[in-house]
Amino acid sequence: MDISVVSLFPEMFAAVSDYGVTGRAVQNGLLKIQCCNPRDYTTDRHQTVDDRPYGGGPGMVMKTAPLEQAIQAAKASVAPGATVIYLSPQGRPLDQEGLVELAQRPSLVLLAGRYEGVDERLIEAEVDEEWSIGDYVLSGGELAAMVMIDGLSRLLPGVLGHHLSAEQDSFAEGLLDCPHYTRPEHYRGRAVPDVLLSGNHEVIRRWRLKQSLGRTWLRRRDLLQKVELSDEQNTLLAEFIREHND
Ligand SMILES: NC(=O)c1ccc(NCc2cccc(O)c2)nc1
């Protein structure tokens with residue numbers, strides 16, 4: 001996937017382009033991340049990228065001209081038909097379902113705002129979709145853009161070694177993850193659940209599914225309302241609840 005980000009701090013994106021799963025995806029050519037900096041499109045001596053808000057009030061707004069030119073450059077640097085996305089607290093809440101949708105797009109331009117944000121008329125003229133990674137305000141849209149890049153890159157074919165991981169991902173099923181264990185077998189007086197040492201893959205699959213269902217029921221019942229449970233899942237959840245109440 002071809003992604004171009006518009007940001008005053010392009011160096012921040014090394015966090016996704018140079019490390020881990022996303023860094024490997026970039027190296028393998030599965031993910032392309034380019035940056036366009038509005039500051040490169042300023043013409044004044046001070047390279048001004050912010051401007052005062054009409055109507056007064058605290059803070060500044062990103063200056064429209066440099067930003068508009070950076071967006072044009074970003075659109076030109078990715079495959080045609082790119083979706084222009086603005087990260088802001090006013091956007092559509094991002095969840096796994098949204099990431100699956102975004103991972104289907106051919107290319108993206110991500111607009112990371114700073115200061116108090118961007119002129120509304122630029123959003124109307126240039127932005128296709130506004131997205132939010134959560135109900136809180138950050139000092140800039142860069143971290144939100146990187147969260148989106150990281151989340152959708154895991155869904156790109158070939159990025160995760162074990163392709164099943166993405167489908168099996170419990171969040172892909174709308175559930176919380178099951179507990180994980182590794183060596184040593186006994187750690188600070190706590191043992192690994194016997195089922196995981198049994199080598200019986202079907203029993204292990206059911207145990208993990210039951211744990212995912214149970215944890216979702218205990219910690220995020222709201223998520224449980226949103227998923228259609230299979231007969232097996234309903235049976236396992238009922239079992240978990242019964243054992244929990246014993
Ligand atoms: N929840 C988010 O996705 C998110 C995104 C950006 C951001 N900061 C930059 C910004 C951008 C626009 C308006 C604004 O008020 C702040 N903070 C949080």
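The values are calculated or read from the model by the stated rules, or taken from the named source; none is laboratory data. Only a predicted model underlies this, so the values are computations on that prediction, with no experimental measurement involved. Please note: Cβ atoms are built from the backbone with ideal geometry, for glycine as well, and neighbour counts cover all protein chains shown. Heads up: the accessible areas ignore ligands, DNA and RNA and are worked out on the full protein's heavy atoms, side chains in. Shrake-Rupley method; radii C 1.70, N 1.55, O 1.52, S 1.80 Å.
What the table shows:
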| read-out | value |
| --- | --- |
| Residue list for segment 222-240, restricted to those being exposed (fewer than 14 other Cβ atoms within 10 Å of the Cβ) and among the aliphatic types (A, V, I, L, M) | Val227, Ala238 |
| Failed item, numbered, when Arg242 is tested on (1) modelled with pLDDT of 95 or more; (2) within 30 Å of Leu155 (Cα to Cα) | (2) |
| Segment 187-240: number of residues that are acidic (Asp, Glu) and in contact (Cβ under 8 Å) with a residue 12 or more places away in the chain | 2 |
| Residue that is farthest from the ligand (Cβ to nearest atom) [pool: residues in segment 125-142 that are among the small types (Gly, Ala, Ser) and farther than 20 Å from Pro58 by Cα] | Ala125 |
| Any pair with Cβ under 6 angstrom, 6 or more apart, that starts in segment 132-153 at a residue that is on the phi < 0 side of the Ramachandran plot and touching a residue at least 40 places away in the same chain (Cβ under 8 Å) and ends at one that is within 6 Å of the ligand (Cβ to nearest atom) and assigned to a helix (DSSP H, G or I) | Ile133/Ala144 |
| Those residues of segment 98-124 which are more than 12 Å from the ligand (Cβ to nearest atom) and touching a residue at least 40 places away in the same chain (Cβ under 8 Å), in sequence order | Leu99, Val100, Leu102, Ala103, Arg105, Pro106, Ser107, Leu108, Val109, Arg121 |
| Given (1) under 28 Å from Arg39 (Cα atoms); (2) open to solvent by less than 40 Å² (accessible area, probe 1.4 Å); (3) within 11 Å of the ligand (Cβ to nearest atom), index of the condition Val147 fails | (2) |
| Qualifying residues in segment 1-56 (those that are charged (D, E, K, R) and outside any loop (DSSP other than H, G, I, E, B)) - the one surrounded by the fewest Cβ atoms within 10 Å (Cβ to Cβ) | Glu11 |
| Residue that is at pLDDT below 95 and exposed (fewer than 15 other Cβ atoms within 10 Å of the Cβ), where the choices are Gly189, Gly161, Gly199 | Gly161 |
| Ser132 vs. criteria in contact with a Cys (Cβ under 8 Å, 6 or more places away or on another chain) and among the small types (Gly, Ala, Ser) | no |
| Some residue of segment 67-89 being assigned to a helix (DSSP H, G or I), of a type in the set (Asp, Glu), surrounded by 14 or more Cβ atoms within 10 Å (Cβ to Cβ) and without any contact (Cβ under 8 Å) to a residue 60 or more places away in the chain | yes |
